[in-house]
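Values in this text are rule-based calculations from the coordinates and carry no lab data. Everything quoted here is computed from the prediction, not taken from an experiment. Cβ placement follows ideal geometry from the backbone for every residue including glycine, while neighbour counts extend to all protein chains displayed.
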Amino acid sequence: MKFGPIISDRGVTFRLWAPLVDSVSLKLDGHEPQPMHQGEDGWHELEVAGAGAGTSYRFVLPDGLHVPDPASLFQPHDVHGFSEVVDLARYRWKTEAWLGRRWEETVLYELHVGTFTEEGTFLAAIGRLDHLARLGVTAIQLMPVADFPGRYGWGYDGVLPYAPDSSYGRSEHLMALVDAAHEREISIFLDVVYNHFGPDGNYLPLYAPLFTDRHKTPWGKGIDYDGATVRPIREFVIQNAIHCVTAFRLDGLRLDAVHAIKDSSEEHLLLELARRVRAATGDRHVHLIVENEENDSDLLKRASDGKAALFTAQWNDDIHHTLHVAATCERFGYYADFAEDSEAMARSLAEGFVFQGQHMPYRGDSRGKTTRDLPPTAFVSFIQNHDQIGNRAMGDRVIAAQPVHIMKAMAAVYLLAPQIPMLFMGEEWGARDAFPYFCDLNDELNEMVRKGRREELSRLPGFDADDLLDPTAPSTFEMAKLDWSSMNAPAAAAMHDFHAALLAIRHQKIVPLLTGMRRGEITAPSGFTSVAVNWPLATGGQLRLRANLGNETVAIDTLMDDTGMLFSLGSSSGGNLPPWSVFWSVSHD
């Protein structure tokens, strides 16, 4: 079962799975449509002699509608236009021997290709790789690049998962970015969306049974991953994941909102996908990350050797929420569940999830499973990411607006903690550039987005304002572009150097301790802002954190002495921690 055109010495074989129609024609640019041969199980196929890389084509349905190839590798004129045949085998890799990096070495850096540079392209991003390497970043996390409608967007409304959005460049340009990153020993991960398809440019339901009434999602009907006759839908997604890590040589994937993927099959789509991706990549270091609102720790189970059996780690919103509450004192919305728990911050650092089956008052239900058998590296920690910034009414980086001593304390905690840290683009110099949600759909959908965001996020401050940002306006997209010139200001340069120093300590002192490290232990009763956590080391001894992330001095009875000190921010006296102080040390038995 092969999706997309197959290139051979004779020409190109075009294929489309369209079981809901009894005929399909192939339309080459500049030529009349040609009937395709209908084969078994809903496949339509036609070999065209002389066709090759660069050939533009579309499929024509019985009602005359022209549709792109759902497995297109390039859409030069966006999602409604012709698809282009691309021969990825023509790319000559410079880093053939690259096998990736161990997960423990990972320092992630999330970026949006369209706003990371002024040009907003894959090739322009290459010019900033040396900056990231010097900073201490070892892995880039790209927000989704699957072709989406319009001139700009976050990427979570993509409709053609095999084709990088043409505004960012061609498939070969993404390959060049990956190649250049590998030259600098930087891994590249890609955010992929398998829980829904965007509404604009998704022609699949017209000729294939993509959706089902059996499952519901926040975006409408669920994708039919468990129907008796829709194996190709399942294959389409699994093969896309394999394509990303083999054809593009990506080092891993971040799967968006996996809790919204409904599947009652004997082997859930997520488990089959992870199993087959790992089988396809052999000895390479390929890592799979999930975003999972339900905090289902079963997806993160470890094998007997301690390595990830299927998924490597999960984005951990819990640690973001606790650090955010401490830094900003905001307690609205979902922050309320964390602000009322005196041990929430210590538990998020020690155990990953704050709630492990307990009732959450704001949500009105319970969530989460135990993390007892998981190492700290099963969690990705952050104080900024696209969601936590973009889901604010003005897309403001509230953390970056805090006093410098608070920003430094936040960074000193999560960048040195044994969880895998992730920065959001510009965070390293305290960038205050907004990152609001933006999209460019048709007029009807644009109005639905404006109305929908007001209603969906009405529980959060600012979404009822008369001057709420229009997510569809070009100006909203432009304000999200990262201003690299702001890094030259003295305060920004000092903040950058502070982050670089922390990451140097992490690579030199923390990373060697991570293999075999066990879940942390809270060693002293604490208020919300005081933290005393020890993480047992595989070789004996402990990694220890004592921190006060509040405005009042606190007493911690288990304060360590200077023996084994790795990092200190502030000074302690007689078991008292001053406001916004952080101390990391290690003891060896």
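Summary of computed values
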quantity	calculated
DSSP-loop chymotrypsin sites (Phe, Trp or Tyr not before Pro) across region 91-146, with at most 14 other Cβ within 10 angstrom	W93
Spatially close lysines, pair count over the chain: Cα under 29 Å, gap of eight or more or interchain	23
For region 5-28 and region 361-405, distance of Cα centres in Å	45 Å
Net length gained if the chain between R284 and E183 were fully extended (0.36 nm per residue, minus Cα distance)	34.8 nm
Selection of GluC sites (Glu not before Pro), region 192-267, meeting DSSP coil and at most 14 other Cβ within 10 Å	E266, E267
Phi-based couplings in Hz for region 209-220 (Karplus 6.51, -1.76, 1.60; Gly and Pro marked x)	x, 6, 9, 9, 6, 5, 10, 10, 9, x, 9, x
Lys, Arg +1 and Asp, Glu -1 on Cβ, resulting dipole of the chain about Cα centre, debye, nearest 20	1380 debye
Positive-end residue, the chain charge dipole about Cα centroid, Cβ charges, pick of G452, T95, G114	T95
Sum of -39500 (n - 2.57) over DSSP H runs of 4+, divided by residues of the chain (222 nm, nearest 500)	-6500 deg cm²/dmol
Sites matching GluC sites (Glu not before Pro) across region 156-205 that sit in DSSP coil, with at most 16 neighbouring C-beta atoms within 10 Å	E185
Spatial separation of Cα centroids for region 225-272 and region 40-96, in angstrom	21 Å
For the chain, Kirkwood radius (reciprocal of mean inverse C-alpha pair distance, Å)	25.2 Å
Relative contact order (%) - criterion: Cα under 8 Å, at least six apart; region: region 6-89	27 percent
0 to 90° range, to nearest 10: angle between helix 490-505 axis and the chain longest Cα axis	90 degrees
Note, ³J(HN,Hα) from phi for region 402-410, Karplus 6.51, -1.76, 1.60, rounded to Hz, x at Gly and Pro	7, x, 4, 5, 6, 4, 5, 5, 4
Spacing of the two label points (7 Å from each Cα toward its C-beta) at E552 and H31, in nm	7.8 nm
